[in-house]
1. Can you give me the angle between helix 70-86 and the longest principal axis of the chain, using Cα atoms only, in degrees from 0 to 90, rounded to the nearest 10?
2. Run a plain Debye calculation on the chain (Cα atoms as equal point scatterers, no solvent) and give log10 I(q)/I(0) at q = 0.08, 0.09, 0.12, 0.15 Å⁻¹, rounded to two decimals, same order as the q list.
3. Top mean-square fluctuation among 75, 128, 86, Gaussian network model of the chain, C-alpha springs under 10 Å?
4. What percent of all Cα-Cα pairs in the range 231-289 falls in each 5 Å bin, counting up from 0?
5. No solvent, one uniform scatterer per C-alpha: report log10 I(q)/I(0) for the range 1-79 via the Debye equation at q = 0.11, 0.18, 0.23 1/Å, two decimals.
6. Residue 272 to residue 84: extension gain in nm, 0.36 nm per residue of separation minus the Cα-Cα distance?
7. Return the FRET efficiency for the residue pair residue 229, residue 300: r is the Cβ-Cβ distance, R0 is 30 Å, and the value is rounded to the nearest 0.05.
8. On the first, second and third principal axes, largest extent first, how far apart are the outermost C-alpha atoms of the range 198-262 in Å?
């Protein structure tokens, strides 16, 4: 099913014509549960990986032998989804709660030696033919594959994630791996994505307000304050639109456009190889919308359904329910990427 972003609550360029010079595009991926195959762009689906090529591994020393089994995480989600769909008021039965308690247990892996190479999880793969804002890869690569380690125990803090991007030419894969290695246990459930098909949609977008020229930013803030003051005088007035959450940067998984810096101040993202300012490649978001960004909810969705049942199709959680912004060097995509959690 196509997913369509509703028109914005107002024409922000009519209020601030200067924004036209900063307008960009981003492709909302709209992941939804499905059964993708290796020829599809997907989140959490099978990847087009050569049978004779080593699978990405995390070799950084950290604890990796204790956690939850991937199969238990998927099963827990299935039980919960079925229970809440059956009865939105009470959810799981007593028997299901007992099963959920068993599925939530952590286990110690006997098959994995401490600090042994750990298979990374395939998070997503994106074909350039499907994603309007996906940049060209190096040397004609048309496929981007994203991996991460399922433990938050990496340098420099000891609590960081480990991320790997792989570019490839899809037509060169003549024999695909059908049973990729999997980590026996997972350190954090949020690293495990449910299989989702994508419904890409290109939409307009504008930079984070803090990165606009000072005068323009201050005028936007003043307009928001005036709108809020008017709304406070009328108890029946709707919540006025906000530049950050309604007019500029859409929530959810997306490719290209502008990064949000709502959790931290904007930070320079320059390539550590050539010092070129980097561009946003991919945003991995914990939810497709929430109470503050519901104006971006696609028109095809059930607006009466509880947000917790519909807005988290991938089940991925970044940090404390935030978003991961991955940046790419526009001069050479082979240069190491950088990322920020917001």
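1. 50 degrees
2. For the chain at q = 0.08, 0.09, 0.12, 0.15 Å⁻¹, log10 I(q)/I(0) is -0.43, -0.54, -0.95, -1.40.
3. Ranking 75, 128, 86 by mean-square fluctuation puts 86 first.
4. Going from the shortest bin to the longest, the percentages are 4, 14, 17, 21, 15, 10, 9, 5, 3, 2, 1.
5. Taken in order of the listed q values, log10 I(q)/I(0) reads -0.66, -1.04, -1.28.
6. Working: separation 188, 0.36 × 188 = 67.68 nm, distance 4.69 nm.
Result: 63.0 nm gained on full extension.
7. 0.25
8. 42, 30, 17
Values in this text are rule-based calculations from the coordinates and carry no lab data. The structure presented is a predicted model; accordingly, all values stated were derived computationally and were not measured. Backbone-built Cβ (ideal geometry, glycine too); neighbour counts: all protein chains shown.
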